[in-house]
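The values are calculated or read from the model by the stated rules, or taken from the named source; none is laboratory data. Note that the coordinates shown come from a computational prediction; the quantities given were computed from them, not determined experimentally. Don't worry about glycine lacking a Cβ; one is built from the backbone with ideal geometry, like all the others, and counts go over all protein chains shown.
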Amino acid sequence: MPQTGFNGSVSSPKVDVYVDTGSQFLNHTVDGFLKIGSVAVARAAAEETYNVVVQVHKSHLDLTKMCKEGVFFGTVAGVYVGMDYGMEKIRGTRDWKNALLAGAATGALASAVGNNKRDKIVQDAITGGAIATAAQFINYLT
C-alpha cells in the first residue's frame with residue numbers, strides 16, 4: 001500500500017538588535033526590554049485587529065494601548081533579566097535559584113508599583129518566582 005507523508009521543518013526568522021551600553025548588566029536589561037516589549041506590542045496589535053474586525057463600533061486600532069502594553073511588559077522583562085543577571089554575578093553561579101529570586105523580586109516590584117496591598121504583593125512575588133523557575137527548568141529540558 002502506498003504511503004504519503006510530510007517531512008520538513010518550520011523556522012521563524014531571527015532578528016537580533018544589540019545595544020551596547022558599555023555595561024553587561026544594562027545590555028541584558030535593554031535586550032529583555034526590547035524583545036518582550038515587542039512581543040507585547042504584537043499581541044496587543046493582534047487583539048486590537050480582532051476587535052476591529054469583529055466589532056462594528058470600533059473602527060481603528062488603539063495605538064496607545066499597544067504602546068502601553070509594550071512598555072509595561074518590556075519594563076517587567078527588563079527588570080527580571082537585570083535581576084537575574086545581577087543574582088548570577090552576586091552568587092557567582094548560574095542556576096534555577098537565580099530565576100526564583102529574580103522572578104519573586106520582579107513580581108513583588110511590579111505588584112507594589114500597582115499600589116496593591118501586602119497580601120497581593122506576596123502572591124505576585126510567589127507567582128513570579130514560580131513562573132521564572134518553571135521557565136528555567138523547561139529551558140534545561142530543551
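With respect to Leu109, is the statement that it is in a helix (DSSP H, G or I), among the hydrophobic types (A, V, I, L, M, F, W, C) and in contact with a Gly (Cβ under 6 Å, 6 or more places away or on another chain) true? Steps first, please.
On the way: in a helix (DSSP H, G or I): yes; among the hydrophobic types (A, V, I, L, M, F, W, C): yes; in contact with a Gly (Cβ under 6 Å, 6 or more places away or on another chain): no.
When the stated conditions are applied, Leu109 does not pass them.
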Within the range 74-107, the residues that are hydrophobic (A, V, I, L, M, F, W, C) and crowded, with 21+ Cβ neighbours inside 10 Å are Val76, Ala77, Val81, Met83, Ala99, Ala102, Ala104
Residue that is modelled with the lowest pLDDT [pool: residues in the range 44-78 that are more than 12 Å from the chain's Cα centre (by Cα) and charged (D, E, K, R)]: Lys58
Checked pairs for the range 43-67, first over 22 Å from Phe33 (Cβ atoms), second modelled with pLDDT under 80 and polar (S, T, N, Q), C-beta under 9 Å and 6 or more apart or across chains, list as Val52/Ser59
Which count do you get for residues in the range 90-142 that are touching a Ser or Thr at 6+ places or on another chain (Cβ under 8 Å) and among the hydrophobic types (A, V, I, L, M, F, W, C)? 6
Residue check, Tyr140 against (1) surrounded by 14 or more Cβ atoms within 10 Å (Cβ to Cβ); (2) without any contact (Cβ under 8 Å) to a residue 60 or more places away in the chain; (3) aromatic (Phe, Trp, Tyr), all met but one. Which one? (1)
With Thr21, Thr29, Thr93 as the choices, which residue is in a loop (DSSP other than H, G, I, E, B), of a type in the set (S, T, N, Q), under 21 Å from Gln136 (Cβ atoms) and modelled with pLDDT of 75 or more? Thr93
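If you scan the range 68-92, which residues turn out to be acidic (Asp, Glu) and touching a residue at least 12 places away in the same chain (Cβ under 8 Å)?
Step one: of the range 68-92, the residues acidic (Asp, Glu) are 69, 84, 88.
Selection gives Glu69, Asp84.
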